[in-house]
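Working notes, beginning with the structure itself.
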Amino acid sequence: MSDGSADLVISLRDVHKAYGSGAGLTPVLRGVSLDLEKGEIVALVGQSGSGKSTLLNICGGLDTADKGSVKVLGLDYGKASDRELAELRNGKIGFVFQAFNLLDHLTCLGNVMLPSSFSPRRGKAERKNVEERATEALRRVGLADLANRHPMELSGGQKQRVAIARALYHRPVLLLCDEPTGNLDTETGREVIELFSDINQKDGVTMLIVTHEQRVSSAAGRVVRIEDGSIIEGDAVLHGSGVMPKVKADAEVAS
Ligand SMILES: Nc1ncnc2c1ncn2[C@@H]1O[C@H](COP(=O)(O)OP(=O)(O)OP(=O)(O)O)[C@@H](O)[C@H]1O
Ligand SMILES: [Mg+2]
């Protein structure tokens, strides 16, 4: 691509989004432009209702922009077919949400295997492969021993790790995370952030993380803020490098 956007994991140009219509029209995004390069961790901050989840969902193809260009991993959402979008969403993008969204009647392993059910049905050998891959994802988040437990038997931090393992199942290039530590206490949240850092550094996964929390944004390579429907960058940049440095102790962050 001549504009160089082929090297970018996310490239947004002048994205607009409003909800409602007529007198009830609520503009949320009013010309957002944002690039994420491969290997970056970017924290997305802003007040409640500023449009963070909206922006994340648009990046993940879970919601559509009214206007503007959205390109993720080279796919132009405005021109892509439903099939291309679904393949990208199910194969190359992992989602992590605040509420974990695990199914209680499945084991941890069963929850991590869920993404495989979006692929065509398969034979016995492939089912074994799915199980091995899910076990590997659980190992990646340090929970291989809990594969046969059910979510209700886990702590909040363990639940979020299972959700992260599920997001990693397809070995995504991009993780989109919406308040991933929002339901966790400080220490558990810190461990989850360290896990994201490790996944970023060892597996090169690019991440866009919506957060309210200083400790997440302090750990990111770059912080962008949504304000009045636009992205503000610059003052909020905490580090020059795209790859996340080692997570700071909370005391250090507070100082
Ligand atoms: N499906 C929808 N229909 C109508 N309005 C919506 C919808 N989704 C979001 N909104 C509105 O769009 C605005 C932005 O919402 P969004 O969820 O993106 O904010 P947010 O920054 O993620 O907030 P929070 O920090 O509370 O999660 C809000 O005013 C919200 O009420
Ligand atoms: Mg939100």
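Run the paramagnetic zone check for Ala18: 7 angstrom along Cα to Cβ, then residues of region 48-66 with backbone nitrogen under 13 Å.
Inside the label zone: 66.
Taking the Cα centre as origin and putting +1 on Lys and Arg beta-carbons and -1 on Asp and Glu beta-carbons, what dipole magnitude results for the chain, to the nearest 20 debye?
Numbers: 31 positive and 34 negative charges, 176 e Å.
Charge dipole of the chain: 840 debye, to the nearest 20.
Over the alpha carbons of the chain, what is the largest minus smallest coordinate on each principal axis, giving the biggest first in Å?
Its Cα atoms span 50, 49, 40 Å along the three principal axes.
Enumerate the residues in region 149-179 having an amide nitrogen under 18 Å from the point lying 7 Å beyond the Cα of Leu62 toward its Cβ.
Label zone hits: 159-179.
Of the trypsin sites (Lys or Arg not before Pro) in region 10-98, which ones lie in a loop per DSSP and count no more than 10 other C-beta atoms within 10 Å?
Numbers: sites: Arg13, Lys17, Arg30, Lys38, Lys52, Lys67, Lys71, Lys79, Arg83, Arg89, Lys92; in loops: Lys38, Lys79, Lys92.
Here the sparse-neighbourhood loop sites are Lys79.
Could you tell me which residue out of Gly24, Phe97, Ala86 lies farthest along the dipole of region 1-100 toward its positive end? Charges go on the beta carbon: Lys and Arg +1, Asp and Glu -1, centred on the Cα centre.
Of the candidates, Gly24 comes out farthest on the positive side.
Based on the Cβ-Cβ distance from Glu187 to Glu233, what FRET efficiency comes out when R0 is 41 Å, to the nearest 0.05? Intermediate results must be reported in sequence, preceding the final value.
On the way: r = 30 Å, r/R0 = 0.74.
Between Glu187 and Glu233 the formula returns 0.85.
Of all beta bridges DSSP finds with both residues in the chain, what is the antiparallel percent, to the nearest 5? Each step should come with its number before you reach the end.
Numbers: 19 of 37 bridges.
Here the antiparallel bridges make up roughly 50 percent for the chain.
Greater than 32 Å separation of Cα atoms is the criterion. Which listed pairs, Lys38/Lys124; Lys38/Lys159; Lys38/Lys79; Lys124/Lys159; Lys17/Lys128; Lys17/Lys202, meet it?
Details: Lys38/Lys124 36 Å; Lys38/Lys159 28 Å; Lys38/Lys79 22 Å; Lys124/Lys159 29 Å; Lys17/Lys128 43 Å; Lys17/Lys202 35 Å.
In this structure, Lys38/Lys124; Lys17/Lys128; Lys17/Lys202 lie more than 32 Å apart at Cα.
Calculate the length of the line joining the C-alpha centroid of region 103-138 to that of region 165-208, in whole Å.
A separation of 20 Å, based on Cα centres.
Note down the nm distance, to one decimal, between modelled labels 7 Å out along Cα→Cβ at Leu25 and at Asp7.
3.9 nm
For a paramagnetic label modelled at 7 Å from the Cα of Phe118 toward its Cβ, which residues of region 151-169 fall within the zone defined by backbone nitrogen distances under 13 Å?
Those under the cut-off are 166-169.
Give, rounded to the nearest 20 debye, the magnitude of the charge dipole that region 163-211 has about its Cα centre when Lys and Arg contribute +1 at Cβ and Asp and Glu contribute -1 at Cβ. If you can, show how the numbers build up before the last one.
Details: 4 positive and 8 negative charges, 57 e Å.
The calculation lands at about 280 debye.
Over the Cα atoms of region 104-169, each weighted equally, I'd like the Debye log10 I(q)/I(0) at q = 0.13, 0.20 Å⁻¹, rounded to two decimals.
So the normalised log intensities are -0.31, -0.69.
Convert each backbone phi in region 123-128 into a coupling constant with the Karplus relation 6.51 cos²θ - 1.76 cosθ + 1.60 (shift: θ = phi - 60°), then list the ³J(HN,Hα) values in order as whole Hz, x for Gly and Pro.
Result, rounded to whole Hz: x, 4, 4, 6, 4, 5.
Would you kindly state how much longer the chain becomes between Leu103 and Asp35 on full extension, computed as 0.36 nm times their sequence separation minus their alpha carbon distance, in nm to one decimal?
On the way: separation 68, 0.36 × 68 = 24.48 nm, distance 3.39 nm.
Roughly 21.1 nm would be gained on extension.
Using 0.36 nm times the number of residues separating Glu87 and Ser69, minus their current alpha carbon distance, what extension gain do you get?
Working: separation 18, 0.36 × 18 = 6.48 nm, distance 1.93 nm.
Gain on extension, Glu87 to Ser69, equals 4.6 nm.
Read-outs: derived from the displayed coordinates by stated rules, not from any lab. For clarity, every value in this text was computed on a predicted model and none was experimentally measured. Because the Cβ atoms are built from the backbone with ideal geometry, glycine has one as well, and the counts that use them run over all protein chains shown.
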